[in-house]
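These notes concern the structure reproduced below.
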Amino acid sequence: MSEIAVQALGVSVDFGGHLALDGASLTLPFGNVTALAGANGAGKTTLLRALAGLIPQATGEMTTAEYDPRTTPPAILASVRAYGAQAAYSAWDFALSDFPFLSSDPVLCDAWLERLELADLRHRRLSQLSVGQKKSAHLALTIASLGEPFGKIILLDEPTVGLDIARQELVQQACLDLAFAGAACVVATHDMNFIRRCHQVAVLSEGRLIAYGTPATTLTPAIIYETWGVS
Amino acid sequence: MNRTLLAFGSGLLGLVLLIFVALSVGSAGTGWGDGGGLVLLRTPRILAALAAGLALGIGGAAQQGVFRNPLADPGLTGVFGGALLGIAILLGATPTLAWQRPWIIPLAAFLGALLTSVLLVLISGRGNTARLLITGLGLNAFTAAGTLVIASRSNESRELLTNGAYGDWLGMATLELIWLPCLLCAVASILLLTLSRSFDLLSFGEDSAQANGCNVNRSRRWAVLLTALAAAAATCLVGQVAFIGLLAPHLARGIIGPRHRLMMPLSGLLGGGLLLCADTIGRAAWPQNPLSAAAVMALLGAPLFIWIARRSHE
C-alpha cells in the first residue's frame, strides 16, 4: 500500500455546461483529516463525489486507494472507501435497531451507534428522531461500512451540520481517531472550529482549488476574504 | 426475531386455514365431494391465486424498492396494463397461434409488461412521486384503451379480453393452462428476493447505495425486468387486479418493518393470502356466478388502503 490515499490531477466536472469542478489537483496522505472549505457552490460536494466514484463523467486523473474510482466496480471500491452524503435521506422509516442489519459490519455499526450516543434510542424509528440524531445514525452506518480503518478512505459531506455541540465534538473526534488509526479522512465543512482542528485544509473557490496546507498557514485573512468575502 | 417468527408463523397458519376454506366452497356445493373429487377440481384455481398473489406481493415490494416510493405498484404504474395489452395484441393478430404452445401467451404478456416498464423508467426519471404516478396514470389509460379497442374489434377474443380486464380469469384455471405462469411467478419472486440487499441499500438514495457497493444501474435493470416478469405471469393467471402490489408491501412493512430481506417474503405471503381470500369470498358469496377476485380485492382493498394511508400520516 502506498502512503498516498487520494490523488487528483486536473479533475474537472462539467454538469451540462456548468463547470462545477475546474482542474482540481491535490494529493492526500493516509493518517490525516483534510477539510474541504469554500463558499456554497464552490465545488466541495462535487470533489467529494468525484473522489468517491459517483461522477463517472469526471475528467482528469484520479486515484482513490490506488483505484480509478470511475472505472472500479462499486463492490471493490466500497471495500476501501466510504462516502457519507450531506442529507440523511431514507425512503423508509427504519428503526435504529435495523441499522446494524443494513450494515456490512453489524457489530461495528452497533459500536458506532453507541459511540455517537444513539444506543438508548435503538427502539425508535427514523421519523421519531431529530435531524441531528438521524444524521448521526447515518454517520454510524457510513463509518461502520469501512470496517478496520487502516489504509481506508472516508469521505464525509458536512458531517456536523444539524448536530448539537456535544455531538459535533463526538464526530470531530471520531474523524481524528479514524485518521490516527491509519485512515484518510476528507471532510467538506463550513465549520471553522472543525477546519482548524484538521491536519490540512483545501480551499475551493468557483470549482478551483485556490489554497492547500495546514489550517494555520492556509487560512490567511487574504484567503478568507477571497473565499467568503468577510474579514 | 420473535416478531419475525410470529409474523411468518401466523401468516403461514392463516394461509393454510384459508386454503382449507377455499377448497371447501364453490359452485358444486360446500365440502370436498365424494373421495375429494371437488378438491382436485378446485386446486388449480387456488394454486393460480396463490402464485399470482405471491408474485404481486413481491413484485410490488420490488417496484416500491427500486422507485423508493410507497405508491409504486404494477397496477397503478401501467405495467399490468402493458401485460394485458401484450396478450390482447397477440390474440387480435393471431387468435389461433396463441393457444398452440403454452409459452406464447406468457411471452406476449412479458413483452408488453417490459415495454411499459421501460417507458415508465425512461419517462418518469428518478425519485419524483408526482412524475411517476402521472406517467403511470397515462400508461395505464393508454394500455387499457388499447386492450378495449382490440377486444371490441375481435369477435373470438372479446369475452376473454374483457374478463381479463376485470381480473376474472381465475375461473378458467386448469393445470394445463396455469403450470407455466405459476412457475414463472415463483421464479420471478425468488430472483427478486435475491435483490433485497440492493433494495435495502437503495433506501438511502442512489449515491449512498452506489458508495456502499451496490451496482445501482444493474440492480435497477434486473428489478425492472423481473418485476415485469412477475406482473406478466400474474396477469396470465388472473387478468388485471389492482391493490395487491400496493397493499401487501404496506401491510408487511407495518408488521415487520421496512427491511427488504424480511419485508419482501412477508409481502409475498400476504399477497398470496389476500388474492386467495378475495377469490374465495367471491365464490362463497355467489357460488353460481362468482364475483371476480379483482372486484372483491378493490371493494375490500380500497377502503383498507385509504385507512392505512391515513394512519401512516398521523
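The values are calculated or read from the model by the stated rules, or taken from the named source; none is laboratory data. The structure displayed is predicted, hence computed values, not measured ones. When we count neighbours, we look across all protein chains shown, and the Cβ atoms used for this are built from the backbone with ideal geometry, even at glycine.
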Working only within segment A:18-40, note down all residues that are surrounded by fewer than 23 Cβ atoms within 10 Å (Cβ to Cβ), farther than 14 Å from A:Leu155 by Cα and touching a residue at least 40 places away in the same chain (Cβ under 8 Å). A:Leu19, A:Ala20, A:Asp22, A:Gly23, A:Ser25, A:Leu26, A:Ala39
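Among the helices (runs of 4 or more DSSP H) contained in segment B:113-215, which hold 3 or more residues that are within 14 Å of chain A (Cβ to nearest Cβ) and within 30 Å of A:Thr71 (Cα to Cα)? Working first, answer last.
On the way: elements: B:129-153, B:158-165, B:175-193, B:196-202, B:206-211.
Answer list for segment B:113-215: B:196-202, B:206-211.
I'd like to verify a number: residues in segment A:40-75 that are more than 8 Å from chain B (Cβ to nearest Cβ) and either in contact with a Phe, Trp or Tyr (Cβ under 6 Å, 6 or more places away or on another chain) or not charged (D, E, K, R) (or both), how many? Let's see the steps before the verdict.
Within segment A:40-75, the subset more than 8 Å from chain B (Cβ to nearest Cβ) is A:40-48, A:50-51, A:55-72.
Filter again for either in contact with a Phe, Trp or Tyr (Cβ under 6 Å, 6 or more places away or on another chain) or not charged (D, E, K, R) (or both), leaving A:40-43, A:45-48, A:50-51, A:55-60, A:62-65, A:67, A:69, A:71-72.
Number satisfying all stated conditions: 24.
Being buried (at least 18 other Cβ atoms within 10 Å of the Cβ), within 14 Å of chain B (Cβ to nearest Cβ), over 19 Å from the mean Cα position of the chain (by Cα) and not hydroxyl-bearing (Ser, Thr, Tyr): is that true of A:Pro106 here? Even if it seems obvious, please write down each step before you answer.
Working: buried (at least 18 other Cβ atoms within 10 Å of the Cβ): no; within 14 Å of chain B (Cβ to nearest Cβ): yes; over 19 Å from the mean Cα position of the chain (by Cα): yes; not hydroxyl-bearing (Ser, Thr, Tyr): yes.
No, not satisfied.
Quick one: in segment B:241-258, which of the residues that are under 21 Å from A:His123 (Cβ atoms) and in a helix (DSSP H, G or I) is nearest to the other protein chains (Cβ to nearest Cβ)? Lay out the reasoning, then the answer.
Let us first name the residues in segment B:241-258 that are under 21 Å from A:His123 (Cβ atoms), namely B:252-258.
If we keep only those that are in a helix (DSSP H, G or I) too, we end up with B:252-256.
Working: B:Ala252: 12, B:Arg253: 7, B:Gly254: 10, B:Ile255: 13, B:Ile256: 10 Å.
Result: B:Arg253.
Hey, can you tell me all the residues within segment A:109-141 that are within 19 Å of A:Leu178 (Cβ to Cβ) and more than 14 Å from chain B (Cβ to nearest Cβ)? Spell out how you get there, then give the answer.
Keep residues of segment A:109-141 that are within 19 Å of A:Leu178 (Cβ to Cβ), which gives A:109-118, A:135-141.
Selection gives A:Asp110, A:Ala111, A:Trp112, A:Leu113, A:Glu114, A:Arg115, A:Leu116, A:Glu117, A:Leu118, A:Ser136.
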Can you find, within segment A:142-166, the residue that is farthest from the other protein chains (Cβ to nearest Cβ) among those that are buried (at least 21 other Cβ atoms within 10 Å of the Cβ) and farther than 15 Å from A:Val33 by Cα? A:Leu163
Restricting attention to segment B:110-134, the residues that are modelled with pLDDT under 90 and among the polar types (S, T, N, Q) number exactly 3
Name the single residue, out of those in segment A:181-218 being touching a residue at least 40 places away in the same chain (Cβ under 8 Å) and more than 16 Å from the chain's Cα centre (by Cα), that is nearest to A:Ala50 (Cα to Cα). A:Gly207
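Considering each of A:Ser97, A:Ser90 in turn, give the residue that is among the polar types (S, T, N, Q), surrounded by fewer than 16 Cβ atoms within 10 Å (Cβ to Cβ) and not in a strand (DSSP E or B).
Numbers: A:Ser90 fails: surrounded by fewer than 16 Cβ atoms within 10 Å (Cβ to Cβ).
Answer to the selection: A:Ser97.
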Select from segment B:64-90 the residues that are at pLDDT below 90 and away from every other protein chain (no Cβ under 14 Å) and list them in ascending order. B:Asp73, B:Pro74, B:Gly75, B:Leu76, B:Thr77, B:Gly78
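Would you say A:Gly10 is small (Gly, Ala, Ser), surrounded by fewer than 16 Cβ atoms within 10 Å (Cβ to Cβ) and either outside any loop (DSSP other than H, G, I, E, B) or in contact with a strand residue (DSSP E or B) (Cβ under 7 Å, 6 or more places away or on another chain) (or both)? Full working, then the answer.
Values: small (Gly, Ala, Ser): yes; surrounded by fewer than 16 Cβ atoms within 10 Å (Cβ to Cβ): yes; either outside any loop (DSSP other than H, G, I, E, B) or in contact with a strand residue (DSSP E or B) (Cβ under 7 Å, 6 or more places away or on another chain) (or both): yes.
So A:Gly10 fits the description; yes.
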Looking only at segment A:111-149, count how many residues are without any contact (Cβ under 8 Å) to a residue 24 or more places away in the chain and outside any loop (DSSP other than H, G, I, E, B). 5
Any residue at all in segment B:275-285 that's closer than 18 Å to B:Ser189 by Cα, buried (at least 24 other Cβ atoms within 10 Å of the Cβ) and not basic (Lys, Arg)? yes
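Looking at this structure, is B:Leu304 modelled with pLDDT of 90 or more and assigned to a helix (DSSP H, G or I)?
On the way: modelled with pLDDT of 90 or more: no; assigned to a helix (DSSP H, G or I): yes.
No; evaluated as a whole, the condition is false for this residue.
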Out of (1) part of a helix (DSSP H, G or I); (2) surrounded by 20 or more Cβ atoms within 10 Å (Cβ to Cβ); (3) of a type outside the set (Val, Ile, Thr); (4) within 14 Å of chain A (Cβ to nearest Cβ), what's the single condition that is false for B:Arg261? (2)
Does at least one position in segment B:207-215 carry a residue that is among the polar types (S, T, N, Q) and closer than 27 Å to B:Leu180 by Cα? no
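If I go through segment A:83-93 residue by residue, how many of them are in contact with a strand residue (DSSP E or B) (Cβ under 7 Å, 6 or more places away or on another chain) and either farther than 28 Å from A:Ala5 by Cα or facing chain B (nearest Cβ under 7 Å) (or both)? Give the steps one after another, and end with the answer.
Keep residues of segment A:83-93 that are in contact with a strand residue (DSSP E or B) (Cβ under 7 Å, 6 or more places away or on another chain), which gives A:83-86, A:93.
Okay, now just the ones that are also either farther than 28 Å from A:Ala5 by Cα or facing chain B (nearest Cβ under 7 Å) (or both), so A:83, A:85, A:93.
So the answer is 3.
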The one condition in (1) more than 7 Å from every other protein chain (Cβ to nearest Cβ); (2) closer than 26 Å to A:Leu51 by Cβ; (3) in contact with a Leu (Cβ under 9 Å, 6 or more places away or on another chain) that A:Leu96 fails to fulfil: (2)
